[in-house]
Structures are given as structure tokens and as C-alpha cells.
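**Q** Can you keep this structure in mind? I'll have questions shortly.
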Amino acid sequence: MADPSSYRPKPGEIPVDPGVYRFRDKDGRVIYVGKAKSLRSRLSSYFQDIAALHPRTRTMVTTGASVEWTVVRNEVEALQLEYSWIKEFDPRFNVKYRDDKSYPYLAVTMGETYPRAQVMRGAKRKGTRYFGPYAHAWAIRETLDQLLRVFPVRTCSSGVFKRAGQVGRPCLLGYIDKCSAPCVGRVTEDEHREIAADFCDFMAGNTARFQKRLAQEMRDASADLDFETAARRRDDLGALEKALERSAVVLGDATDADVFGVSDDELEAAVQVFHVRGGRIRGQRGWVVDKQSEGDLGLAEVIERLLGQVYGGESGDGVPREVLVPVLPPDPEPMAQWLQGLRGANVDLRVPQRGDKRTLMETVQRNATQSLARHKVARAGDLTARSQALQDLQEGLDLGQAPLRIECFDISHIQGTNVVASMVVFEDGLPRKAEYRRFIVRGTPAPDGTVRLDDTAAMDEVLTRRFRRYLADRDDADDVELDAGDGPEIVEVAGTGRGARTPPVSGPIDETTGKPKRFAYPPQLVVVDGGKPQVNAAARALEALGIDDVEVVGLAKRLEEVWVAEDDFPVILPRTSEGLYLLQRVRDEAHRFAITFHRQRRSKAMTTSALDGIPGLGDARRKALLKQFGSVKKMRAAGPEELATVQGIGPALAATIHERLREDGDTTPAVNLSTGEVLD
């Protein structure tokens, strides 16, 4: 743990302007991002008497090793920069909003030539319009099934769409008039796009004109004695009304608003939001936030950070005309200006005081209260348990500090074949799946010319490769300023006329991807799956690289005993220990990750062919050969001239293929070794 006074900036060099600041740990990794009206006032508060700080804030400043800042023109720019940095660096001491489920959306891919309506989850894509979120995917499918009578937009996948165009017949939905069948030219590209646009308008809340249009068409058909058309329009109108019944009318038809409700206690806060479009509730969403992540966080600060993360990644369509909150953020005017900039129009950020909107706010608030109660029951003691687990490991293994970052390695193979390894990462007791890694073990050459592929040799190889990368990445991190003596270089921010500290990146950057190099961050604890031999092999690998500040332990499966390097006897943690439970979770996750990769490699290796290994013969050329000749047997009977008639096969490659196939003789051309099935 660092002494905050060792990197405290001089008060005179901290500007009083608004800006965004970042704390880094000793490895240069960003651990906290914040914004301030006055950087001098805010940063000085972190370096007061350490005993007066909130426990979580105290941990953050003692974990940090440097602080830097960037001056901006106003608080709106500070909001934008804070959001982008939190998204980029994912600092572990910032508030994290966790969805209580992965919500599905009804999405229309307007960016495609023939737009498609479908259920989508995850990150939003450019050129796609989203409606929702919905509580269940089946609710989207039922709504879509009703609306396809009126708006026969394409819903099939790209493969089905292409195949229908090739055979000249639409799918079943095209025959029952629930798809306009652009795949076979029943409608033109422009006509189909117009259908998709009308569907989006209806889902956005512009429903009245479609109902009026269908009602008028029904009356006109009836007047012309075209009763079949009139009956179809009557059924279409009923389908629209049934779809609208799924969304209760709560406000005026012109109301577009997001209504937030928050229920909190000393540790956590539950957030619910109702998305109201066209006066109807189009979707509902919920989050749970750990308030302890940033010390004594008030309700206004929770709202401020919530709005930043909810709307920071949205396009203009995602920001409504009104944002109704239970409490205004500490600086409501900059927040409202930021929202207006995202939407490109006026946004009313306020607390409803009376009427229907206040009634709806109370309903959302009740949902948030129930959500917090459910979360407490489902995850009772989760934060306490994780803190207790790290403390148990620190005390039980006699570590210098709590292992905030744990890496676990496991080896997987069958009798020395397809040897692979896995590395999983846990931070603050939670998995960081984006930093998992897989290794293909090459083997260690022995003096007699053989290659060792046993568990200890594989563990030594994997640990050496991982920490050799760490040392290389650490040595490349010359641009990370960790010395608080002089501080980062002060440069002028373009267009502001003001000084700003150069914002160095969070550790060394990969020039190919532009992202921080993940191997640049060392763990406090390395866990290996195994007993004393595996632990000693891992310890030797670190010692050979000169790394002495990373602890190594092993967890043996038989008695769940913890082996420490160079100790003759294992450490026995109590069966009820949270620390032992955390080690088991880490070990089991590493085993799952390793065995999944091993199965993939083994399945690929089980399929062999006489065409494999021929230089210059890739997948496309192999498929072309099999398509023309039908089997390897016929290829073997063909001469180089015949092989050269295949597209992509030149005379030299044809001669090589002919020679290799003749060398193989009458061996089985291609077989799945697990089933015995002949593939050619």
C-alpha cells in the first residue's frame, strides 16, 4: 500500500478550472476516474487526513501511485470525457451499474439493403433502430407476430434469405402473407424499406395514422362490396389493437419520457426505468449499483452517474424529450446541456411534482424498492463475502496485501496429446473474462532431443511465456508517469487557450489494436491447479525471470489443500472459509476454460485428410478440388493436367498435389477418427 503523501501534487500546480482526473496504481493502471468543477478543491479532498476518509476511498488512495488531470472548458465537456474514460479503462473503484438481466430489444436493421426485424441483445449496432427493452424475448416475438400481418417486413436470417432467392421460392411466411418476400422480387428494395420505415414509426408511437388508414380501407372495401378485402383489413386492425393492448396508456399521446426510480440503503441502490414512448410504456429496465465503490455516495450522485452511463453510449434516438428523476443531480444544468447535445433538441430534466407523471414515478419507485429487496435476498452478503474472502487469503497465506488480482493456470491434455493451458483472472473476487487467455503448449526440449510435455514442464512454459510478456510490456511503458515529483507535461488544450496535463494511457498500448496491453498488469497471487510439483515448477519459472513480488500457491483437488512454494506441508484452510471458496471458484473456472479449449483442439485434430498439409492448398482450393472430382480417390487417379483445370490450381501446385497423393498410396483419404466415418 502506498502512502498518499508520496504522490500528492503541490496545491499550487493543481488548476482551479473544471476537469477530469485519474488515479493510477503502481503498474500504471487507471483505478479511478472522476470529474470536478474545481480540480484543486476536489483533489485536495483526497489527500486530507487518511483516517477521515471513507474506507473505500481510503483503499483507493492507498492503492494509487499517481494522479493526473486534464482541464476542459466547462462541466459538459467534463461529463463527456469522464464517461469516455470510464468506458475505456473500466476502473475498478468507479461505480459499476449491473443489469439484473440481459434485456432483449426489438431491432430493425435499417442499415441493411433489406431491413430485418429481430430480437437482439448486447451492444447496440450502428444503423439499427431499437425498441424496448422488453422483459422477455417471447413478448417481442408475440408482438412481432401480430404486427407482421400489417407490416410484412423481413424477419429471416441472411442464409435463409439468400437460399430463397437462389431457389426462387419464398419461405412459409411469404406464402401466408407475413412477409413481403423481397427475396424473390415480390416487392422492390424501396417498397420493402418503406414497409420497414412504417413499422418503425408504429413502434415509435405514431399509431393513430395507421389505425385510421386501415379503418378507412376497410370502409372503402365494404362500400365497393369487396368483402374479402374488408375482412382482411378488419383483422389487420384487430391485430394492431391487440399489439397496442400490450402497452398500457399512461400519459398523453405526445409524451416521450424516461422515468427513473431509485431505492437505496447504505451499501447499494436499485434503479428502475420505464421507457414511455407515445404515451405508452414501451419497456422497462433495472440496475443495481454498489454505492461503496466510491465512498459515501449520495442519491444525487447516483442519479448523475446513472444518467452518464445510460445515455453516454446512446444515439440521438435513445434520448427522449423528458427525463424524469426522483432527485436532480448535483449539477443539473450541465447534465441537461449534455443530454440536449446528444439528442440534438431540447431535453427537459426534472423531478415531477404532480399529476400522472408523478403517479407513474411512484409506480417506478415501488418497482425499484421491490428490485432492491429481491437483490438483497439473492445476493445476501455478496460484497461482505468477497471482502472476507480476500482477507482470509491474506491472513491464511501470510500475504503482504490482499490479492485484488488473482490469476489461475491449468493444463489440459489426454496422454500428452493436444496439450493446452488456460489463464483466468479474478479482480476483487469477480471474474474478468475479457482478460482470460489460452495457450497452446509447445513443449520443452530435453537434452536427449525429445520434447517434454508433462504437467510440470507445461506449467513452467506457460508461466514463463505469460510473465515474459509482462516484463516486456512493463519495460515498454516509458510513457506512464508514476513519479509525482515533476508531474506530467503541461500542454495547451486545442481551442481552449488553457493548460492541461498530457493524459498518458493506462499502461502500454498495443499499436495494432490501440488498446492497453493486458499482460502489462501483474497479479498479487498466482494459483495453479495441482500440488507441490506444479507449485514448485511455477515458482521456478518466476524466479528464473527475476520476479519476486508475486506469490504462488497451488490447490490440490483431493483434500482441497493449499500448497505454498518451498513449504513441505500444505496450508489447510477451514472448510467454511470464504477464502477457500474463492480459490475453488478460481480453480474450477480455469479448469472449465482449459478443458473447453482442449476439446476444440481435439475435435479439430480428429478429422484428417490426405489433402491436409499440402503446401499452398487451403480450404477454398480443397473445396474446389472435392467439388470437381468428388473424392480423393478420383484425384489420385487424375494426372497433373486434370488437376490444373480446377480454378485456383496452377501447374506447380497440381504437380505437388499429384506427387503427395501418389506417395500416400491407398491410405484412407479422410476419416473422422472419433467415429470412423469416411469423409471423402
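**Q** Please go through region 431-475 and give me each residue that is modelled with pLDDT of 80 or more, surrounded by 14 or more Cβ atoms within 10 Å (Cβ to Cβ) and not in a helix (DSSP H, G or I), ordered by number.
**A** Pro431, Arg432, Tyr436, Arg437, Arg438, Phe439, Val441
**Q** Do we find that Arg601 is at pLDDT below 80, outside any loop (DSSP other than H, G, I, E, B) and on the phi < 0 side of the Ramachandran plot in this structure?
**A** Taking the combined requirement at face value, the residue satisfies it.
**Q** Here is a further query. May I ask you to list the residues in region 44-83 that are farther than 29 Å from Ser387 by Cα, open to solvent by 50 Å² or more (accessible area, probe 1.4 Å) and polar (S, T, N, Q)?
**A** Of everything in region 44-83, those that are farther than 29 Å from Ser387 by Cα, open to solvent by 50 Å² or more (accessible area, probe 1.4 Å) and polar (S, T, N, Q) turn out to be Asn74, Gln80.
**Q** Ok, one more. Taking into account only those residues within region 290-303 that are modelled with pLDDT of 60 or more and more than 19 Å from Ala257 (Cβ to Cβ), which is surrounded by the most Cβ atoms within 10 Å (Cβ to Cβ)?
**A** If we take residues in region 290-303 being modelled with pLDDT of 60 or more and more than 19 Å from Ala257 (Cβ to Cβ), then Val302 is surrounded by the most Cβ atoms within 10 Å (Cβ to Cβ).
**Q** From the residues in region 551-598 that are among the basic types (Lys, Arg) and open to solvent by 40 Å² or more (accessible area, probe 1.4 Å), which one is farthest from Gly530 (Cα to Cα)?
**A** Arg575
**Q** Does region 158-213 hold any residues that are β-branched (Val, Ile, Thr) and open to solvent by less than 40 Å² (accessible area, probe 1.4 Å), and which are they?
**A** Val187, Ile195, Thr207
**Q** Residues Gln628, Gln647: which one is of a type outside the set (Phe, Trp, Tyr), open to solvent by 50 Å² or more (accessible area, probe 1.4 Å) and assigned to a loop (DSSP other than H, G, I, E, B)?
**A** After applying the criteria, what remains is Gln647.
**Q** Of everything in region 650-666 that's open to solvent by 70 Å² or more (accessible area, probe 1.4 Å) and within 15 Å of Leu611 (Cβ to Cβ), which residue is modelled with the highest pLDDT?
**A** Ranking the candidates gives Glu659 first.
**Q** Considering only region 399-417, I want to know if a residue exists there that is assigned to a loop (DSSP other than H, G, I, E, B) and at pLDDT below 75.
**A** Checked region 399-417: at least one residue is assigned to a loop (DSSP other than H, G, I, E, B) and at pLDDT below 75.
**Q** Next up: Kindly establish whether Asp236 is modelled with pLDDT under 80, farther than 30 Å from Asp356 by Cβ and either open to solvent by less than 20 Å² (accessible area, probe 1.4 Å) or in a loop (DSSP other than H, G, I, E, B) (or both).
**A** yes
**Q** Open to solvent by less than 70 Å² (accessible area, probe 1.4 Å), touching a residue at least 12 places away in the same chain (Cβ under 8 Å) and among the hydrophobic types (A, V, I, L, M, F, W, C): does that describe Val20?
**A** Yes, satisfied.
**Q** Mind listing just one residue for me: the one in region 319-346 that is touching a residue at least 60 places away in the same chain (Cβ under 8 Å) and closer than 19 Å to Tyr130 by Cα and, of those, most open to solvent (accessible area, probe 1.4 Å)?
**A** Among them, the one singled out is Arg321.
**Q** On to the next question. Condition first: open to solvent by less than 30 Å² (accessible area, probe 1.4 Å) and in contact with a Gly (Cβ under 9 Å, 6 or more places away or on another chain). Now tell me which residues in region 538-550 satisfy that.
**A** Once the filter is applied, which keeps residues that are open to solvent by less than 30 Å² (accessible area, probe 1.4 Å) and in contact with a Gly (Cβ under 9 Å, 6 or more places away or on another chain), region 538-550 yields only Ala538.
The values are calculated or read from the model by the stated rules, or taken from the named source; none is laboratory data. Treat the numbers as computed from the prediction; the structure is a model and nothing was measured. Please note: Cβ atoms are built from the backbone with ideal geometry, for glycine as well, and neighbour counts cover all protein chains shown. Side chains are part of the model used for accessible areas, which takes the heavy atoms of the whole protein and leaves out ligands, DNA and RNA. Shrake-Rupley method; radii C 1.70, N 1.55, O 1.52, S 1.80 Å.
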